[in-house]
Amino acid sequence: SDDLSELISPGDRGLIKSAKKELRTVKIEGEVFFPGLYYLEEGETLSTLIQRSGGLTNRAFLPAAYFQRESLKEAQLQRLKAAKKSLQQELLFQSTRAGDVGSEETNINGVLQLINMSDEDEEELAGRLVLNIKEMIDGISDDLILKHNDRLVIPTRPQSVSVIGEVYVPTSHIFSNNSNLDNYLALSGGIKPSAESEAIYIIKADG
């Protein structure tokens with residue numbers, strides 16, 4: 001009988017169905033002891049996810065870690081596509097101005113190659129949030145509540161410094177605490193006469 005008001009008799013079985021619950025997952029990759037896909041618990045935060053994955057290894061490099069949120073990807077991919085199109089049009093216009101065609105200063109092919117990144121590269125870059133993960137772990141700043149399909153990547157501590165652009169030997173060098181910018185430029189053969197020395201810049205591991 002379906003009448004729950006009736007008395008329960010010996011041998012009766014009760015069946016209580018659970019409410020349908022959507023399984024939500026997050027992914028953590030890189031320098032944790034147990035990287036992989038995790039089912040998202042209610043109210044789970046970024047720091048508790050790191051704890052669940054076994055914590056950071058001694059090779060983890062938090063300044064270069066990055067966090068991606070699926071819900072941000074679509075809007076950022078649309079903005080990236082529009083920006084690339086605008087930049088391409090501007091570069092093509094500049095390259096066809098009188099006297100600029102084929103000049104060393106314009107060198108448009110390298111720049112176009114840079115902005116014409118593949119769909120895979122765009123997917124990898126889109127949806128990133130800028131976070132200070134170390135401060136979250138240490139409890140200095142507010143922790144981030146995770147959402148479905150979030151992704152955290154913690155890379156290995158880098159051991160190299162890359163020098164690119166208007167130097168004679170663009171290449172990578174082993175990092176040394178005793179070396180500075182001038183040392184790495186010298187190791188790359190020095191800057192070319194066409195280089196703008198006032199426009200030299202450094203991109204850190206955290207971007």
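Got a sec? Which strands (runs of 3 or more DSSP E) wholly within the range 19-76 have at least 2 residues that are in contact with a Pro (Cβ under 9 Å, 6 or more places away or on another chain)?
Working: elements: 25-30, 36-39, 66-68.
The qualifying strands (runs of 3 or more DSSP E) are 25-30.
Taking the residues in the range 49-67 that are free of Cβ contacts under 8 Å to residues at least 40 places away in the same chain and under 25 Å from residue 22 (Cβ atoms) as candidates, determine which candidate is surrounded by the fewest Cβ atoms within 10 Å (Cβ to Cβ).
Out of the qualifying residues, it is 51.
Looking for whichever is exposed (fewer than 11 other Cβ atoms within 10 Å of the Cβ), modelled with pLDDT of 75 or more and either part of a strand (DSSP E or B) or not β-branched (Val, Ile, Thr) (or both) here; the options are 98, 82. Which one fits?
Testing whether each residue is exposed (fewer than 11 other Cβ atoms within 10 Å of the Cβ), modelled with pLDDT of 75 or more and either part of a strand (DSSP E or B) or not β-branched (Val, Ile, Thr) (or both) leaves just 82.
Is at least one residue of the range 191-206 among the acidic types (Asp, Glu), in contact with a helix residue (DSSP H, G or I) (Cβ under 9 Å, 6 or more places away or on another chain) and modelled with pLDDT under 90?
Residues of the range 191-206 among the acidic types (Asp, Glu): 196, 198, 206.
Subset that is in contact with a helix residue (DSSP H, G or I) (Cβ under 9 Å, 6 or more places away or on another chain): 206.
Subset that is modelled with pLDDT under 90: 206.
Yes, the range 191-206 contains a residue that is among the acidic types (Asp, Glu), in contact with a helix residue (DSSP H, G or I) (Cβ under 9 Å, 6 or more places away or on another chain) and modelled with pLDDT under 90.
Mind telling me which of the residues 41, 104, 22, 70 ends up being modelled with pLDDT under 85, open to solvent by 50 Å² or more (accessible area, probe 1.4 Å) and within 30 Å of residue 157 (Cβ to Cβ)? Reasoning before the result, please.
Numbers: 41 fails: modelled with pLDDT under 85; 104 fails: within 30 Å of residue 157 (Cβ to Cβ); 22 fails: within 30 Å of residue 157 (Cβ to Cβ).
Just a single option satisfies the conditions, and that option is 70.
The values are calculated or read from the model by the stated rules, or taken from the named source; none is laboratory data. Since the structure is predicted, the reported quantities are computational estimates derived from the model, not experimental observations. Positions of Cβ are backbone-derived with ideal geometry, glycine not excepted, and every protein chain shown enters the neighbour counts. When the accessible area is computed, the model is the full protein with side chains, heavy atoms only, and any ligands, DNA or RNA have been set aside. Shrake-Rupley method; radii C 1.70, N 1.55, O 1.52, S 1.80 Å.
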